[in-house]
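The numbers here are math on the coordinates, done by the rules we state, and not lab data. In this text the structure is predicted, and so the values were computed from the model without any measurement. Neighbour counts are summed over all protein chains in view; Cβ atoms, including those assigned to glycine, are modelled from backbone coordinates with ideal geometry.
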Amino acid sequence: MKFKLIVAAGLLALGLGAAWCAGDLARRGAAFGLLCGAVALGGLARLGGLAAGGTPPLPHLLALGMELGVTPALWLWSRRSPRRRTAASLEAWLRDG
């Protein structure tokens with residue numbers, strides 16, 4: 001039970017940190033990159049667990065996809081131009097490609 005609370009608190013901290021960074025990526029891009037790196041490292045650890053222990057439940061596989069797919073894509077998107085992106089431009093990018 002205690003471990004689950006620690007994990008939940010860590011995930012909440014990552015989410016709040018990413019939301020804070022999204023408000024001004026021009027100034028907080030380095031912090032956003034650090035958060036993305038932490039999530040991707042967690043995904044690599046999950047991938048190692050998958051290799052060592054077999055196929056996990058579906059929620060773990062979905063989390064793996066987010067950690068190693070979506071998170072690096074968001075980081076690349078944030079680095080795509082010299083001018084950092086805003087939340088509004090993310091919506092436009094997702095809509096228009």
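Exposure proxy for Glu67, Glu91: other Cβ atoms within 10 Å of each Cβ, ordered fewest to most, give Glu91, Glu67. Can you tell me the relative contact order of the chain? Whole percent, Cα pairs under 8 Å, sequence separation 6 or more. In percent, rounded to a whole number, it is 33.
With q set to 0.16, 0.17 Å⁻¹, the log10 of I(q)/I(0) for the chain, from the Debye formula over equal scatterers at the Cα positions, is -0.75, -0.83.
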